[in-house]
Structure formats: C-alpha cells, structure tokens
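Right, one structure below, let's go through it.
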Amino acid sequence: MDVLPRVRKPGRYVGGELNAERAEWDGARLRLALCFPEVYEIGMSNLGFSLLYHLLNGLDGVLCERVFAPWTDMESELAGNGMPLYTLESFRALSEFDVVGFSLSYEMTYTNVLTMLKLGGLECRAADRGRTWPLVIAGGGCACNPEPMSDFIDVFVIGEGEAFLEDMVDVIAAAKEAGTPKPELLEKLAGMKGLYVPSMYDVEKGAGRVVVKDAGRGLFPVERRYVEKMDEAPVPEKFIVPWVEAVHDRIQLEVFRGCVQGCRYCQAGMIYRPFRARSAGLLVKESKSLYGDMGCDEVSLLSFNAPDYPEMGRLLDGLLEHATPNSVSVSMPSSRIDTFSEDVGEKLRRVRGTGLTLAPEAGTQRLRDVINKRITDEEILDAVRHAIGAGWKKIKLYFMIGLPTETMEDVEGIASLVGRIMNVIREKKAAGRKGKALTLSVSNFVPKPHTPFQWDAMDTMESLLEKQKFLRGLIDTRRVKLDFHDVRTSFLEGVMSRGDRSLGRVIEEAWKLGCRFDGWTEQFSFRRWEEAFGAAGIEPGLYANRGMEPLGALPWSHIRTGVTDKYLFLEYRKSREGRTTESCLRGACTGCGLGCELKDK
Amino acid sequence: MTEDLRQSYELTFRRCWEARFFSHLDLMRGLMRMLRRTGLQVYFTEGFNPKPRVSYLTKPLSVGHTSECERFGFMLVEQGDIGEIETALKKHIPSPLGFESVGLLPSGRQKDESELEYYIFIRRGHERMIEEALNRDVPGGVKELTREQIESARVLYDHTDSAAMLDEYYNGGFVFNIDTGSGYRRPDRILFPEAEIGPEVLFFHRKRELFNSSK
C-alpha cells in the first residue's frame, strides 16, 4: 500500500467495494484468483467476469478474489519495490492461490496476461511452471482460438463458465486434497467436455500454419459447453458497486444469449449460439432487486440485438414502472435498424435519453447483402426518423471498411448514406445548437475464426488507410464527428485472432520489449511488435492478409463451437453470390448445427 | 398550486483511511448511490437527466487524506422521520465511510464560512518538516500534535493493518486551522508553498469544522 500515493488512480488497487466478497482464507477448500488483463474500470464493466466472481464465491468452500492488470506506473512501483501483484480482497499474491483464471475477451490484452503472471510470482510459460501449482486457466471469447496463448495457459475453458464451474471446481479441489500431481490433474481435466489442455495435443505445420492434431488420447475435437436454459442458469443476487467509475457503470441485465441475425462478419453472433432468452418477469424482478442493492442510475439490456427479445414490450413496461419514479434510465447497447421501432425508442427515451447507436455496417445494399445485414437504405432512414421522432438527440452510426468483396463504390456509399441521414436530421431539426448530432465510427474489418468469413484475407493496412483517406474526403466533418480505428491495431488484432501456436514466441518477445496495454492508443507501439515478429522470424501478414483454403485445417479447427463448418461454408458461398439468410426469428431454421428453442417456433 | 414540502438534510460522515484513495467525484457518485439504496423519498432535479438533488457542503478533500467531519447535503420530497432517515443512512453508507450524524440542514448553512481544523501527519524521515511548519508565521498558528490528539484520530483507522501502517510510517505532526472563505487553500499548500508535496510525505486529517456563525 505504500506505493499507492505515487500512482495514478490509486483507487483501482484498494478493493473494499460494496458487495465485494470476503470469504475466509483458511477454511477454503479451493482458492481462485480471477484475473482480468485490463485496468480495473474495464474489468469491472465485464458482466461475465462479475458473474463468475460471485458464482464461484457462492460455491461451497470456494474462495475467489479479483486481480486486474496494473497500469504501467503501478507495474513499475510493484516491480521496483519487490512487491507481488495482489488480489483486491485479501491482498495476496497470485502464487498463493490454487487456481489463477484469466478472462480473455480481447486479443490486445495478451501481453498483460504475461505481466500479471510474472508480477504475481509465476513463470509465464506453462512448461516452465511444470508441476507446480497454481493451475493457470483461461476462458472468454478469445478462447475460441486459444493457440496464440497456449504456451502460457495450462487449461482453456471453451464455452460459458456457468456450465463448468461446479464440475471443474470439484475435480480440482479433489485433486488438491488428494495431493494429485499436476500432470495427472491436467490429464483428467483434458477428458472433460469443454476443457482444452494444449500440452495434451500434437501440432503439425501445414500450408504455412501450425494446426493441432489428436495425440491419440481421444480428446479431439474440443466441444464447447454452454448453459441450455437461461432461466435455470444461476444468477448472482448482487454485484460489486465500484468506487472508481467503471466504463459501464450500470446494472447489466442479460436479456438473452445467442444471436438470431446471422451477420456473417460477427464472431460473437456465431460462437454464443444458440438463442436462449430469459423470461421478462424474472428480469424485472432481478432489476428491482439489483437496484436496491446497488443504487445505479442506469439499467442496460445486454444482448446482441435487444429488440429481438420476444417479450420486449412486457419487459420495458415492467422496468419503466420501477425506473420512472426513481429516475433510472434504461438503455440498449446497440440495435439492429430493422428491428428498432418508434414504440421501443419512445419507451427507452422516456426516463433519460442518451444517444442512440445504430449499425448499418456497410454503405451499399450490395455489400450489406454480402455480410447478411438485411436492411435497406429506406429502413435506415426510417429508423433515424423514428429515433428523432421519439426525441433522441444524438445518433451514432457504426460502419466497417475492408469487408470481403468491398470496392471504392461501397466506401463512397457510406458517405452518400450519411449525407441522406444528415438531411433527415435537418428535416426533423434535431441538430442541437451545440455539438454534432451524428457520430460516425468506422472500424476495420477483421475476419475472425468460426465465422463464414474466417477463410477470407484481411484487407492490408495500405488499402485500409487509402479507404480511410478517401472516406474522410467525402464526409463533412464540420457536421459529422468521424472516428476511425487505428489500422495497425486492427492488423495486429487480425494476426492474433487468426494466429497459431507459433505466436507465443512473438507475444513473449513483444512483452519483453515493453508492450503493455496494446489496445490503448497511447501505449501501443507497432514498432516493438514489428521487432518481436522479426526476432521470432515470423511474417505477420501471412496470418492476417492471406486467405485460407476452405477445406483445409485451420489453427482453430480443433475447437468446435457447435456451429458446423458446413453451415459456415454455405454462408460463405451465399455471401459471394450476394444472397441473404433470414433471421432465425423470421425465417425457417437455418440449420447452423445448434438446435435451439426457436427451431420449432 | 401544490405546496412545496421539500426538505434539505445534512449528513456528517467519516472518510476513513481505506477511503483516502477515492477521488471527490468517486465519493459523490458513491453517496448518490447510497441515497438511492436507502429507499428514502429523494428529490430529483427536474432537468433532462434527473439526478438526486445533493451538494457537498465541506470543501472537497484531496486524494490521500482523511476526515471525520465531511458534510453532504441532500433533499427529500418532504420532511421525514429523522430516526428512520438515520437508520436508513447507517445501514446503507458504504464502507469505508462512517456515519456520524444526520439532521435538518440549518438555514443558510451552505453559504456559511467555517474554520477547518487539520491534524497533519508527517512521514518518518521527514521530521524536519514538523519543525519547519511549527516555525511558520500563519494565521491561527501551528501547534504540535499531542499524544491524545494522535490517539483520538486513530479511532478512524479501524482496520488493524491500517493502524499498524500509521505507526510504521507516521510518528507525529501538528494541528492547523484554516478559514474556508474564498481564499481557501489546502493546508500543505499554505504551510509548504515552495514545494509540491504529495501524500507520500504527509497526509492531513480533517478533525472538525467550526462554523463562523456559531463561534
């Protein structure tokens, strides 16, 4: 604690928040340190991380404590004073725990994992830790291609944590009590559905990439585990209320999991299938209870596209009945345009209207059909009219550049569509006297694993820069706020998300060269990464900018999310033909491979 | 025309050792959430983004310092039973803050100037600063902290580790009073104007607030 007066935002490192768990250290049969490789404010906004923390602490005899990546000043202070990275509950080092678990939700946090392991008193590489505890586990969205991090992690959890917790904890706790050597425990864990232990598999190099092979143990492939019925899934009765403001500082209500829209670029839309909704009555009850425990002034309806929720009207009515008198706002992170109605917009804005976010993603109908974003220009303009009619003052639009088959005409289409949207805003006189009513956020498309575009090459940095420059020249930035994502960060994200086991060397080298918090513009050093790739003798463009053979093995082929390769390839082919696939809610079952509650609708 | 029944209250609370690393904005957010949790009939502002009508009545405390006389004003839609309000606040005030008292906000109190009494603790190794401060010619004067005064401040540090840390790092200091009028400055800035001194060298503890109107 002596170092805290010298660091920025010391409140990140002190814990003691309302609703933080304080289990007895001595009486616990299993002690877990749950790590988030980002700063406190980001980690505390992650619903999955908070869910796991409270659910683990709810298990009999289990103690779970939180650790976040220390910002660079705190890292220097800890290292310089010989202090270990500690948990926020008991202030103990990671090395004192039985299990150290990481939540991997963004590829650009990989170097922070190494920082946390090292500062926590552990070796970075799994092989160097050998037979010694703790067991290092990782899960989260990035685990659907675990290979780049497989040198550092003992066990990957493929799927949703709630589906594993009890089983996994029981096996590990029993092994600890019986004094089972770590290699034997790893073997046992590798045999459990949804757990991937990299050291139990062989690898081979083929077509320029390292792919994972069955080592004759019958563990191939690794199938994802997930919660089948959301209403039966355990939900914590309370969440921590941070003192330091979290990025998403609000009650997060998970309305449903899995997406029905089938956008072909979206990894989350594929890997979190099937669609599973929670009942409106339970959500309203949960919201009231969490408000009483937390006192937040905002409730966010967390899902991929909240308007797809079958009981949305009932849910909003129930929430607003409680929210309105308490001046609590109700928000949705993002909505598909074709499903956003004036009624929903008006209800959401009634308490406290914040900005509305819509995601057309592409500027022309042709390209929207390629990515299966089944919306027309008119629907987009109507949604803007509805939003303004309902009283929304600020609108944010998401677009992507670098999508498969994209031409400069498609990029020009973004500017043209934005021009028409501005006309609607002017017609409706929504532009305020101050500030800009429209924000345009343009990101660079990264073809992610387990999507129909996984075989596509990512656009080169040069091409993306050219498109950004072209688009900037077409947008009236006096009236529209225009944000572009950094192409070098996107490129590295592409390399890491599509990478194989060879990248462990690069990640370690980059970390040794000082790479930290690579998702932060002020911290990101592309030069250091180039140096690391050079030292490892790896050409990064071969991962990001080269397409893959649809029938060949991919670095992530051993991980099965449940969506079949056949479905992904069919969608890939339809995209090249400009054919769309209807939403699971509106059309017939698309046969993605995961039977769901909508199949017999 | 409906009758205006709104009533303002004043909560006095301790900001303990463990709370010294939260910013003033963090503290305000935490207090507003506390009000929402109490279930009291809080009065909300009537603007585009309604929020509880609150005000921080003491001078904002810098990061790294402690207090046992912070005052936070809030408004209810109508006058309530003070016993019930006290029970609700005691139950919901978030650790590591400590409830001291609650009462109706005296009329004119928000504009009332006061005198804040600070106990200033100096880190071991910087003892010369105590001498330096004691020799300063400042209004009200500077007095060395007595053993009793140090012990009386120590009740704030309920946490065993914190009390031990206090003993380990701080071995004394001085008392200093400051008027909170328009010329208010932090005690370290008045006593050591020539140097930027952070909480790694000293921390100050607000002991009490004396109102000019009642002096």
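Residues considered: B:LEU105, B:LEU25, B:LEU97. Of these, the only one that is more than 17 Å from A:VAL328 (Cα to Cα), in contact (Cβ under 8 Å) with a residue 60 or more places away in the chain and within 13 Å of chain A (Cβ to nearest Cβ) is B:LEU97. Scanning region B:22-50 for residues being at pLDDT below 90 and of a type outside the set (Gly, Ala, Ser) gives a total of 4.
Take A:GLY140 and tell me if it is touching a residue at least 24 places away in the same chain (Cβ under 8 Å) and surrounded by 21 or more Cβ atoms within 10 Å (Cβ to Cβ). Yes.
One residue is enough: does region A:313-333 have a residue meeting the conditions part of a helix (DSSP H, G or I), modelled with pLDDT of 80 or more, under 30 Å from A:LEU474 (Cβ atoms) and under 27 Å from the mean Cα position of the chain (by Cα)? The answer is no, given that none of the residues of region A:313-333 is part of a helix (DSSP H, G or I), modelled with pLDDT of 80 or more, under 30 Å from A:LEU474 (Cβ atoms) and under 27 Å from the mean Cα position of the chain (by Cα).
Every residue, every condition in (1) within 20 Å of A:THR111 (Cβ to Cβ); (2) charged (D, E, K, R); (3) away from every other protein chain (no Cβ under 14 Å); (4) within 19 Å of the chain's Cα centre (by Cα), yes or no:
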site	(1), (2), (3), (4)
A:PHE36	yes, no, yes, yes
A:GLU41	yes, yes, no, yes
A:PHE49	yes, no, yes, yes
A:LEU56	no, no, yes, no
A:LEU63	no, no, yes, no
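Only one of the numbered conditions (1) more than 20 Å from A:TYR398 (Cβ to Cβ); (2) assigned to a helix (DSSP H, G or I) is violated by A:ALA457, and that is (2). Taking every residue in region A:244-255 that is within 14 Å of chain B (Cβ to nearest Cβ) and pairing it with any residue that is of a type in the set (Phe, Trp, Tyr), at least 6 positions away or on another chain, the pairs with Cβ-Cβ distances below 8 Å are A:VAL244/A:TYR40; A:VAL244/B:PHE22; A:ALA246/A:TYR40; A:ILE251/A:PHE239; A:ILE251/A:TYR291.
Residues of region B:62-80 that are touching a Ser or Thr at 6+ places or on another chain (Cβ under 9 Å) and at pLDDT 90 or above: B:SER67, B:GLU68, B:CYS69, B:GLU70, B:ARG71, B:PHE72, B:GLY73, B:PHE74, B:MET75, B:LEU76.
So for region A:249-266 (the condition being of a type in the set (Val, Ile, Thr), under 30 Å from B:ALA19 (Cβ atoms) and in a loop (DSSP other than H, G, I, E, B)), does at least one residue qualify? No, the conditions are met nowhere in region A:249-266.
Check region A:123-133 and report whether any residue there is touching a Pro at 6+ places or on another chain (Cβ under 6 Å), among the basic types (Lys, Arg) and crowded, with 17+ Cβ neighbours inside 10 Å. No - not one qualifying residue is present in region A:123-133. Filtered by the rule that a residue be buried (at least 19 other Cβ atoms within 10 Å of the Cβ) and of a type in the set (Asp, Glu), region A:28-60 gives a lone residue, A:GLU38.
Could you tell me how many of the residues in region B:124-150 are under 26 Å from B:ALA19 (Cβ atoms) and either crowded, with 18+ Cβ neighbours inside 10 Å or away from every other protein chain (no Cβ under 14 Å) (or both)?
We begin by selecting, within region B:124-150, every residue under 26 Å from B:ALA19 (Cβ atoms); these are B:124-126, B:129-130, B:133, B:145-150.
Filter once more, keeping what is either crowded, with 18+ Cβ neighbours inside 10 Å or away from every other protein chain (no Cβ under 14 Å) (or both): B:129-130, B:133, B:145-150.
Qualifying residue count for the region: 9.
May I ask you to verify whether B:GLU18 is in contact (Cβ under 8 Å) with a residue 60 or more places away in the chain, at the interface with chain A (Cβ under 7 Å from one of its Cβ atoms) and either in a helix (DSSP H, G or I) or closer than 20 Å to B:LEU76 by Cβ (or both)? Taking the combined requirement at face value, the residue satisfies it.
Condition check ((1) modelled with pLDDT under 90; (2) surrounded by fewer than 21 Cβ atoms within 10 Å (Cβ to Cβ); (3) within 25 Å of the chain's Cα centre (by Cα); (4) not hydrophobic (A, V, I, L, M, F, W, C)) across all residues:
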| site | (1), (2), (3), (4) |
| --- | --- |
| A:GLY191 | no, yes, no, yes |
| A:LEU195 | no, no, yes, no |
| A:MET200 | no, yes, no, no |
| A:PHE220 | yes, yes, no, no |
| A:TYR226 | no, no, yes, yes |
| A:ALA233 | yes, yes, yes, no |
| A:GLU237 | yes, yes, yes, yes |
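Please specify each residue of region A:73-94 satisfying the condition of being in contact with a strand residue (DSSP E or B) (Cβ under 9 Å, 6 or more places away or on another chain) and small (Gly, Ala, Ser). Once the filter is applied, which keeps residues that are in contact with a strand residue (DSSP E or B) (Cβ under 9 Å, 6 or more places away or on another chain) and small (Gly, Ala, Ser), region A:73-94 yields A:SER90, A:ALA93.
Among the residues of region A:460-512, those that are under 24 Å from A:ILE559 (Cα atoms), in a helix (DSSP H, G or I) and polar (S, T, N, Q) comprise A:SER490, A:SER497.
Per the listing A:LEU542, A:LEU585, the residue uniquely in a loop (DSSP other than H, G, I, E, B) and at pLDDT below 95 is A:LEU585.
Here B:HIS92 fulfils each of the conditions (1) under 26 Å from B:THR180 (Cβ atoms); (2) surrounded by 19 or more Cβ atoms within 10 Å (Cβ to Cβ); (3) not polar (S, T, N, Q) apart from (1).
The values are calculated or read from the model by the stated rules, or taken from the named source; none is laboratory data. For clarity, every value in this text was computed on a predicted model and none was experimentally measured. Using ideal geometry, Cβ is built from the backbone for each residue, glycine included, and neighbour counts are taken over all protein chains shown.
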